[in-house]
Structures are given as structure tokens and as C-alpha cells.
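Engineer: First, the structure itself, so that you have it in front of you.
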């Protein structure tokens with residue numbers, strides 16, 4: 001007899017209709033002057049502000065992962081800091097997405113993107129919800145580290161590509177081999193991000209409702225799968241709800257009302 005501890009049967013993820021975006025950005029550092037290397041608050045002035053070097057992205061569930069970098073645009077040869085065309089490509093994806101997934105996205109990647117959107121006089125993209133895998137890891141688990149690389153290692157699903165700090169400088173200087181490595185590095189981050197999300201999503205109790213994208217109320221609200229089974233009931237002070245277990249991602253959800261005005265005993 002099977003129990004809930006048995007390994008879930010893995011079903012094919014639903015068609016996400018190109019609405020759930022995973023992405024990651026890589027930025028150039030600020031450049032400034034200083035007298036002493038380690039003295040706090042010793043920056044005299046900044047002569048070049050940060051900009052976005054590249055970003056990688058994919059639509060959830062699709063096989064192909066994409067990466068777009070400054071050298072992909074003609075303007076790069078004239079000005080290696082001009083990210084306007086790259087940012088417009090990123091804005092287009094934000095405008096299309098209904099849910100955006102990123103590691104530390106709420107605090108870093110999405111805010112960095114917004115800062116460049118307004119820099120280039122772009123209006124806010126259409127509304128979207130976010131899933132920050134860093135916040136999910138911190139909320140539901142006590143991992144030794146919540147960094148993407150460490151999560152991938154702990155969950156046995158892969159690692160980030162190793163880099164040196166000089167990679168960013170080499171890219172800013174126009175080194176073609178450095179740019180090729182940077183794009184692969186950025187791309188691997190998104191591949192790993194998706195794997196981490198798939199591992200964590202069944203534990204999420206406040207995930208954006210995938211039913212808004214994919215159909216009936218009996219589909220799993222966490223992953224959108226139709227492979228759900230009835231598993232008991234959820235009781236509140238006013239009603240009894242049908243409880244569901246997703247056989248795809250493992251999450252629990254609450255369905256339709258079975259009985260109203262149910263007093264708790």
C-alpha cells in the first residue's frame with residue numbers, strides 16, 4: 001500500500017504559455033577613486049556608474065535558455081557602457097511575463113532592471129507577480145547557505161560555473177573570450193535557477209496562482225498540473241474545503257467548499 005512518503009510520480013509540467021519568466025542579470029561595477037584600499041568610506045568620487053552587461057532568461061518549462069549581452073548590439077563598438085538596446089529587450093520580456101522568477105530577484109535583479117528601465121525612459125511594464133527563490137529557501141528551510149550555488153550542490157542538481165573577479169573587468173575591456181565565458185556563466189545561472197525552483201515549489205504556501213494562467217480550479221495552484229488527487233479536508237470556522245495533493249510538484253492546496261457554516265469543535 002502506497003503512502004505519502006512514497007516518491008511522487010513525475011508528470012510532464014503543463015504548458016506554461018510563455019508567461020512564467022526566469023531571469024538573471026550580470027552588472028558592471030561602479031568605478032571610482034580612493035586613497036587607501038581598505039579604508040571605510042574612502043571613495044573620493046565615482047567616475048562611471050554601473051550598467052547591465054548581460055542577462056539570461058527562459059520561459060518556465062521550455063528547453064531553450066537564452067542570453068543577451070552588450071556585444072550582441074551594434075552600439076557596443078561605439079560605447080561599451082551603452083546598455084539601452086539590451087535594456088529594451090529585457091523590458092519587452094518583463095512586459096510579457098505574468099510571473100517572474102529569480103534568485104534574490106525582489107531585492108537585486110528586478111530592482112536593477114527597474115533602475116535601467118527608468119534610466120532609458122521606459123514606462124513600467126505590465127503588472128506581474130514574483131517568486132524569489134532566495135526568500136523561499138529562507139522561509140521554509142534552514143540550509144547552511146541559501147546561495148544559488150550552494151542550494152544546487154545541497155540538492156544535487158548542479159552548480160554555478162566557476163569564475164574569477166577579473167572576468168568582469170575583461171568583459172568591460174572588450175575581451176571576446178571573456179564575453180563568451182560570461183554568457184555561459186550567466187546562462188548556467190538560469191538553468192540552475194529553474195532546477196532549484198522545481199525542487200522548492202511544492203513547499204510554497206503562497207505561490208502565485210498558476211490556475212490564473214492554465215485553467216480549471218482543480219489544477220494545482222502551485223505548478224498548474226492537472227494531476228491532483230483529493231486528500232481529506234481543510235476545516236475553518238465557516239466552512240469545510242476539499243484538500244488536494246499534487247502528484248507533479250507535491251504541494252497541498254485547498255479546493256471548493258464542501259460544506260458552509262461549519263462550527264469548529
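Engineer: Can you bin region 118-217 into rounded, prolate or oblate? Criterion: square roots of the alpha carbon gyration tensor eigenvalues sorted a ≥ b ≥ c, rounded for a/c under 1.5, prolate for a/b above b/c, oblate for the rest. Provide the component values of the computation, followed by the final result.
Structural biologist: Values: a/c = 2.44, a/b = 1.35, b/c = 1.80.
It is oblate, given that a/c is not under 1.5 and a/b is not larger than b/c.
Engineer: Okay, moving on. Identify which of the listed values of Cα extents along the principal axes in Å was calculated from the structure shown: (1) 71, 38, 35; (2) 51, 37, 30; (3) 55, 52, 29.
Structural biologist: (1)
Engineer: How long is the gain from residue 242 to residue 77 if the chain were fully straight, where each residue apart is worth 0.36 nm and the alpha carbon distance is subtracted?
Structural biologist: Going from the current span to full extension adds 53.4 nm.
Engineer: Return one number: the angle in degrees, 0 to 90 and rounded to the nearest 10, between the long axis of the Cα atoms of helix 110-119 and the longest principal axis of the Cα atoms of the chain.
Structural biologist: 50
Engineer: What ranking of 72, 79 emerges when the number of other C-beta atoms within 10 Å of each C-beta is taken as an exposure proxy, fewest first?
Structural biologist: In increasing order of surrounding Cβ atoms, one gets 79, 72.
Engineer: Moving to a separate point now. Hey, what number do you get for the chain at 222 nm if only DSSP H runs of n ≥ 4 count, each worth -39500 (n - 2.57), divided across all residues, to the nearest 500?
Structural biologist: On the way: 8 runs with 78 residues, N = 265.
Only helices count here, giving -8500 deg cm²/dmol.
Engineer: When DSSP assigns beta bridges and you keep just the ones with both residues in the chain, what percent turn out antiparallel, to the nearest 5?
Structural biologist: Around 80 percent antiparallel, to the nearest 5.
Engineer: A follow-up question, please. At a Förster distance of 22 Å, what's the computed FRET efficiency of residue 106 paired with residue 126, Cβ-Cβ distance as r, to 0.05?
Structural biologist: 0.80
Engineer: Now a separate question. For 165, 183, which order do you get if you count the other beta carbons within 10 Å of each Cβ and list the fewest first? Write down the numbers at each step before the final one.
Structural biologist: Numbers: 165 7, 183 20.
If I rank by nearby Cβ atoms, fewest first, I get 165, 183.
Engineer: Between residue 114 and residue 235, what's the calculated FRET efficiency when r is the beta-carbon distance and R0 is 30 Å? Round to 0.05.
Structural biologist: On the way: r = 42 Å, r/R0 = 1.41.
It comes to 0.10.
Engineer: While we're here: In degrees between 0 and 90, to the nearest 10, how far off the longest principal axis of the chain does helix 176-200 point, with axes built from Cα atoms?
Structural biologist: Taking the Cα atoms of the chain, the angle to 176-200 is about 20 degrees.
Engineer: Using a Gaussian network model of the chain whose springs link C-alpha atoms within less than 10 Å, name the residue from 133, 33, 222 with the highest mean-square fluctuation.
Structural biologist: Looking only at 133, 33, 222, the biggest GNM fluctuation is shown by 33.
Engineer: Separate question: Mind checking which of 194, 36, 123 has the largest fluctuation in a GNM of the chain, springs on alpha carbons under 10 Å?
Structural biologist: Of 194, 36, 123, the Gaussian network model singles out 36 as fluctuating most.
Engineer: Taking the 0 to 90 degree range and rounding to the nearest ten, how far is the long axis of helix 84-96 tilted relative to the main principal axis of the chain, both from C-alpha atoms?
Structural biologist: The answer is roughly 10 degrees.
Engineer: What ranking do 203, 59 get, fewest neighbouring Cβ atoms within 10 angstrom at the top? Intermediate results must be reported in sequence, preceding the final value.
Structural biologist: Numbers: 203 17, 59 20.
Starting with the residue having the fewest Cβ neighbours, the order is 203, 59.
Computed from the coordinates by the stated procedures, all read-outs in this text should not be read as laboratory data. Computed from a predicted model, the values in this text were never measured in an experiment. Using ideal geometry, Cβ is built from the backbone for each residue, glycine included, and neighbour counts are taken over all protein chains shown.
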